[in-house]
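These notes concern the structure reproduced below.
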Amino acid sequence: MPPRTWTAPGVPGAGPTKMTDAEMSAARLPHQYRDHCSHLLTLLNACRAEGGPRPWACHHEKHSYIECQYVEFHRRQRVAKALIESDSVPAEWRERWDKDHVPERVAAAAAAVGQ
């Protein structure tokens with residue numbers, strides 16, 4: 001199976017995942033965590049396994065994983081916005097993303113991210 005990529009025209013892609021599906025299966029990652037940050041989650045899980053009950057021991061690994069998730073979330077938001085604005089999605093999907101149906105605080109946050 002080819003690596004997963006999420007891209008849209010005009011939005012820089014994250015490229016293929018750094019771990020293959022076989023490596024993710026061997027690391028016993030649940031399917032919902034198999035994304036572009038899975039290599040960092042594997043490091044975090046290994047640190048937690050060897051560190052024992054010391055939550056401060058894996059601070060750097062946890063921060064790296066959360067930061068990667070944050071960056072990936074915003075990239076996926078840009079991809080979704082680019083797809084909605086293009087003609088590559090059905091009209092009923094575009095209606096779901098209509099700005100009139102989005103609460104004001106969500107629209108303001110999306111505008112701040114899109115700067």
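Each reported figure results from applying straightforward, stated rules to the coordinates on display, with no laboratory input. What you are looking at is a predicted structure, and each value in this text was computed from that prediction instead of being measured. Here the Cβ is made from the backbone with ideal geometry for all residues, glycine too, and neighbour counts use every protein chain on show.
Observations on the structure shown:
- In plain terms, the chain from Tyr33 to Thr20 could stretch by 3.4 nm, reckoned as 0.36 nm per residue minus the Cα-Cα distance.
- Summing charges over neighbours of Asn45, with a neighbour being any other residue whose Cβ is under 12 Å away from its Cβ, gives +1 when K and R count +1 and D and E count -1.
- Length gained when the stretch Ala82-Leu43 is fully extended (0.36 nm per residue, less Cα-Cα span): 10.8 nm
- Counting only Cα atoms, the size of the stretch 45-92 along its three principal axes is 51, 14, 12 Å, in decreasing order.
- Put in line by how crowded their Cβ is, counting other Cβ atoms within 10 Å and starting with the fewest, Tyr33, Tyr70 read Tyr70, Tyr33.
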